[in-house]
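In what follows, a single structure is set out as structure tokens and then discussed.
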């Protein structure tokens, strides 16, 4: 019953978020602010992780392909597909769930326990829409750019690792990158990213919005938001992969 009740509250919460909108002039500055908070501030972190994990992916692929019968360019091909299909859209989204998801849950939770949300309701403002809708728009808009950046830097990291260690020269790595490239894989990555961005913002905002108590409960809401978001990302990753790639 707890799961069904929480799911029902989440659906009703989404209904509130997408109803009784304020004027466009109210949302635009907030969306721009959220793009900076949720997206621009994460660029350095995403870049750092992507370069090094791209290098690790290439080294692991090379280690598992130590066979003289296999051409070297397959290292570049396998690294490319691993980064585009799984690492960047899924792993970076899980990392962002911890970074921006905890921020969303804690900030809204703090507003709830300090009665700022109650004040918005007294003024006749739909607090769910006013607080959460700009975050959804910002994340859905900026996260695909973060993932594209992650893919590019992951491939660069893989190229550097292969070139510096000598396991995959630049010429062979570039041949692998171009070999039978399917543009649909990028479309698949972007679709996953948009869905994951929606999950991150709405689930974490839901737990923050329904926080009761004080500072301790805000921390618990933040933890719950990140945990449930991570679980849903993994589940939807399987469903989307099965739907689009099977």
Report task. Would you mind telling me which numbered condition in (1) buried (at least 23 other Cβ atoms within 10 Å of the Cβ); (2) without any contact (Cβ under 8 Å) to a residue 12 or more places away in the chain residue 164 fails? Result -> (1)
Report summary line: Just one listed residue, out of 25, 6, is surrounded by 12 or more Cβ atoms within 10 Å (Cβ to Cβ), free of Cβ contacts under 8 Å to residues at least 40 places away in the same chain and either touching a helix residue (DSSP H, G or I) at 6+ places or on another chain (Cβ under 9 Å) or more than 16 Å from residue 136 (Cα to Cα) (or both), and it is 6
Requested in this report: Could you tell me which residue of region 48-58 is nearest to residue 133 (Cα to Cα), considering only residues that are touching a residue at least 24 places away in the same chain (Cβ under 8 Å) and surrounded by fewer than 17 Cβ atoms within 10 Å (Cβ to Cβ)?
Outcome: 52
Query - Residues within region 179-205 that are over 13 Å from the mean Cα position of the chain (by Cα) and either modelled with pLDDT of 95 or more or surrounded by fewer than 24 Cβ atoms within 10 Å (Cβ to Cβ) (or both), tallied - result: 10
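Considering each of 33, 86 in turn, give the residue that is modelled with pLDDT under 90 and out of contact with any helix residue (DSSP H, G or I) (no Cβ under 6 Å at 6 or more places or on another chain).
Answer to the check: 86.
Here is a list: 225, 176. Which entry is surrounded by 16 or more Cβ atoms within 10 Å (Cβ to Cβ) and at pLDDT below 90?
Result of the check over 225, 176: 176.
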Requested in this report: State whether one or more residues within region 79-90 are under 14 Å from the mean Cα position of the chain (by Cα), within 30 Å of residue 210 (Cα to Cα), in contact (Cβ under 8 Å) with a residue 24 or more places away in the chain and crowded, with 23+ Cβ neighbours inside 10 Å.
Outcome: yes
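The values are calculated or read from the model by the stated rules, or taken from the named source; none is laboratory data. Since the model is a prediction, treat every value here as computed from it, not as a measurement. Reconstructed Cβ throughout: ideal geometry from the backbone, glycine too, with neighbour counts over all protein chains shown.
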